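Encoded as structure tokens, the structure appears first; notes follow it.
The values are calculated or read from the model by the stated rules, or taken from the named source; none is laboratory data. Note that the structure is predicted; figures quoted are calculated from it, not measured. All Cβ positions, glycine included, derive from the backbone under ideal geometry; neighbour counts span all protein chains shown. The area values use the complete protein model at the heavy-atom level, side chains included, leaving out ligands, DNA and RNA. Shrake-Rupley method; radii C 1.70, N 1.55, O 1.52, S 1.80 Å.
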Amino acid sequence: MNIAQPLIPTICKCFEEKFNVQLSPNEISFQTTRKEFEGDITLVIFPFLKKVQQKPEALAQAIGEYLMQHHQQIARFNVIKGFLNISFAHTVWVETLAQIANTTHYGVLPANGQKVMVEYSSPNTNKPLHLGHMRNIFLGYSVANILKANGYEVMKVNLVNDRGIHICKSMLAYQKFGKGETPQSTGIKGDHLVGNYYVVFDRENKKATAELLATYQKTYPNENPEQLAELAAKNSPLLLEAQEMLRRWEEGDPEIVQLWQTMNNWVYEGFDATYQKMGVDFDKTYYESNTYLLGKAVVEEGLAKGLFFKKEDGSVWVDLTADGLDQKLLLRADGTSVYITQDLGTADMKYADFPMQKSVYVVGNEQDYHFKVLKLILQKLGRSYADGIYHLSYGMVELPTGKMKSREGTVVDADDLIDEMVHIARERTKELGKIDDFESAEAEALYHMLAMGALKYYLLRVDPKKKMLFNPEESIDFQGDTGVYLQYTHAKIAAILRRARELGVDASPAAFSNATQLAPQEIELIQVLAAYPKRVADAAEEYAPSLIAAYAYELAKTYSRLYAELSIFNEPDAALKSLRVALSAQTAKVLKSALQLLGIQAPERM
RNA sequence: GACCUCAUAGCUCAACUGGAUAGAGCAACUGCCUUCUAAGCAGUAGGUUGCAGGUUCGACUCCUGCUGGGGUCACCA
């Protein structure tokens, strides 16, 4: 609902008639009037002064008068310096609310025939998910929802990194120290069990390296200690064993493959449980064990086209120096692939599976360079989908002590954090005692809903591009600018709507269409409601759920003020009473929709 | 060393992409439950937007330099 849109052609006409100046419509844009001034929308005059030799006040006055003459919807206007503030008649707001009420899927665009793939989560199978993954996962899930709302057909995929030296480390540690433990025998969730062995490997490997270093130092007392340390790290017997294991895995050694399958399945069971708690899902899962050999054909293709070149040792490179980047290795001299090789192959595979116009990769900003290179190479190869590749590069979640490191155990575990949040939600809700009549299963479902709402909102409200700080000492808030506040506002409105049904209040547009004198709180709320579709579009364009989060908060805040300052059911004017119930219903509708885009559920009671 | 990126209230984050007197939440303080859920509402206090220049009618936003944090520059992924 863009209320200002119809004014734009009129302004163009005004410039033409009065000043003989041609203006294109996209040169004109309105902003909402700041609270300290009277008006609904504001036109900034300064940009036009170069084309029209006028003083800003005079030009603003002239445009204002012209608009008044041509648009009955405008009640009045005022000019302050170079700002033209326009106030609409109350009927405009009533009409706007009616339009919103009559739109079933408000803010949601019809299918646009475009396909987009969103890859997110993409975990390693050697350790459980942590807070950093949660930011990734919630971002990916939310962006997928936002794109759907903008008319795209969306395919959500997970690319699991299930092979490589890091997996072998867990496997080796398990083989050596595991004593045949299983998730069943220990009662430890599969991903955590495997993750523990990754830590065991690191610990044992450090010991072994230290011992090796000690013998080196005895044998070569005159050598540079740093060089010795490096040598010891490289030749640690455990690391060599892990590398040997990787070789055997690639050869298909049945014993190794068997162990690998067993341990990975434990991890997948663990991940699935966590994804389910998070309320996220995927349409397809890719496994790197199936894709790591892909991409060699793409490298051959690039060689044939003369885009890549071969060095004397047989390794294949691409020279991106003309594009401001470096030379990049694409294939080792022994013909084996590197990370980017498989990503090239996987990109083609994705397109074959789902011929998309856009492909979003939700991956941390430490890989900015990698994705620049990947996209550039695919563009050079002339892939139709290459321009549509978007690296949703998000900032790391940091702790007060710095970055999280799995090996060093300085991570905030996803399962632990969820459990803690549920615990807090349970305590807090019981204290308030508002749902004492709930069945226990119903209550537990609510605690979980609130816990996830708090967590998701906490991670999504920050601009994805920016790094963010999490302090484990302070629990995630349930008050103020939080997910729980949004859920609370929804529950409060739901109570209003139940009461309205009981009382039989008619909230249809017909019942409030002749409301005339609206309160400022009502107008402000309608304005916020009217802004929703634009915000949904902006969020898709910028791949930024944070815009939706900010909007949802603004909406809830605006409603809460109205709720506190105006009575709904004690309002004597029937039209106004209907209007307020309708306003409540539309706020609930939009709030629920916005929360859905964030992957947050809206309770009816809490 | 080269390149990328960030720096806003005590703390965590905004600022509609260059517009008016930079806004929220938390923490502190003050009011408001005999009317629809107080997980709420209203208010007070808190700022030289890291520093120095520049561009312009106008700069948190763009440019240059400096300082400080993070990242990348692997035949790791």
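Scanning segment A:249-278 for residues that are open to solvent by 40 Å² or more (accessible area, probe 1.4 Å), in contact with a helix residue (DSSP H, G or I) (Cβ under 7 Å, 6 or more places away or on another chain) and not basic (Lys, Arg) yields a total of 1.
On the stretch given as segment A:413-427, residues that are open to solvent by 40 Å² or more (accessible area, probe 1.4 Å) and away from RNA strand B (no atom under 16 Å from the Cβ) total 2. For segment A:288-304, the criterion of being within 16 Å of RNA strand B (Cβ to nearest atom) and either exposed (fewer than 13 other Cβ atoms within 10 Å of the Cβ) or free of Cβ contacts under 8 Å to residues at least 12 places away in the same chain (or both) is satisfied by at least one residue.
Screening segment A:325-347 for residues that are β-branched (Val, Ile, Thr) and open to solvent by less than 30 Å² (accessible area, probe 1.4 Å) and picking the one that is farthest from RNA strand B (Cβ to nearest atom) gives A:Thr346.
Scoring A:Ser170 on the criteria (1) polar (S, T, N, Q); (2) within 17 Å of A:Pro545 (Cβ to Cβ); (3) in a helix (DSSP H, G or I) leaves a single failure, condition (2). Look at (1) within 15 Å of the chain's Cα centre (by Cα); (2) part of a strand (DSSP E or B); (3) within 16 Å of RNA strand B (Cβ to nearest atom) and you find that A:Leu159 fails only one, number (1). If I filter segment A:305-324 down to residues being farther than 27 Å from A:Asn161 by Cα and near RNA strand B (Cβ under 8 Å from one of its atoms), which single residue comes out as surrounded by the most Cβ atoms within 10 Å (Cβ to Cβ)? Top of the filtered list is A:Lys311.
Just checking, how many residues over segment A:393-442 are among the aliphatic types (A, V, I, L, M) and under 18 Å from A:Pro603 (Cα atoms)? The qualifying residues number 7.
Return the residues of segment A:39-49 that are closer than 19 Å to A:Met68 by Cβ and within 9 Å of RNA strand B (Cβ to nearest atom); say none if nothing qualifies. Selection gives A:Gly39, A:Ile41, A:Thr42, A:Leu43, A:Val44, A:Ile45, A:Phe48. Scan segment A:567-602 for residues that are over 14 Å from A:Arg499 (Cβ atoms) and of a type in the set (D, E, K, R) and the total you get is 3.
Note on segment A:296-321: residues that are assigned to a loop (DSSP other than H, G, I, E, B) and either closer than 14 Å to A:Leu381 by Cβ or in contact with a Phe, Trp or Tyr (Cβ under 8 Å, 6 or more places away or on another chain) (or both) amount to 5. Being more than 30 Å from A:Glu427 (Cβ to Cβ) and touching a helix residue (DSSP H, G or I) at 6+ places or on another chain (Cβ under 9 Å) is a property that A:Ala574 has. Name the single residue that is farthest from RNA strand B (Cβ to nearest atom) among those in segment A:461-519 being part of a loop (DSSP other than H, G, I, E, B) and β-branched (Val, Ile, Thr). Per the stated criteria, the residue is A:Thr516.
So for segment A:362-369 (the condition being within 23 Å of A:Glu542 (Cα to Cα), at pLDDT 95 or above, touching an Asp or Glu at 6+ places or on another chain (Cβ under 6 Å) and within 11 Å of RNA strand B (Cβ to nearest atom)), does at least one residue qualify? Scanning segment A:362-369 turns up no residue that is within 23 Å of A:Glu542 (Cα to Cα), at pLDDT 95 or above, touching an Asp or Glu at 6+ places or on another chain (Cβ under 6 Å) and within 11 Å of RNA strand B (Cβ to nearest atom).
Inspection of segment A:346-361 identifies at least one residue that is in a strand (DSSP E or B), modelled with pLDDT of 95 or more and within 17 Å of A:Phe138 (Cα to Cα).
Restricting A:Glu541, A:Glu502, A:Glu554, A:Glu522 to those that are open to solvent by 60 Å² or more (accessible area, probe 1.4 Å) and over 30 Å from A:Ala445 (Cβ atoms) reduces the list to A:Glu541. Among residues that are over 26 Å from A:Ile389 (Cα atoms), free of Cβ contacts under 8 Å to residues at least 40 places away in the same chain and assigned to a helix (DSSP H, G or I), A:Thr587 is not included.
For segment A:431-454, taking the residues that are in contact with a Phe, Trp or Tyr (Cβ under 8 Å, 6 or more places away or on another chain) and not small (Gly, Ala, Ser), the one that is farthest from RNA strand B (Cβ to nearest atom) is identified as A:Leu446. Scanning segment A:46-73 for residues that are open to solvent by 40 Å² or more (accessible area, probe 1.4 Å) and out of contact with any helix residue (DSSP H, G or I) (no Cβ under 8 Å at 6 or more places or on another chain) returns A:Lys50, A:Gln53, A:Lys55, A:Glu57, A:Ala58, A:Gln61, A:Glu65, A:Met68, A:Gln69, A:Gln72.
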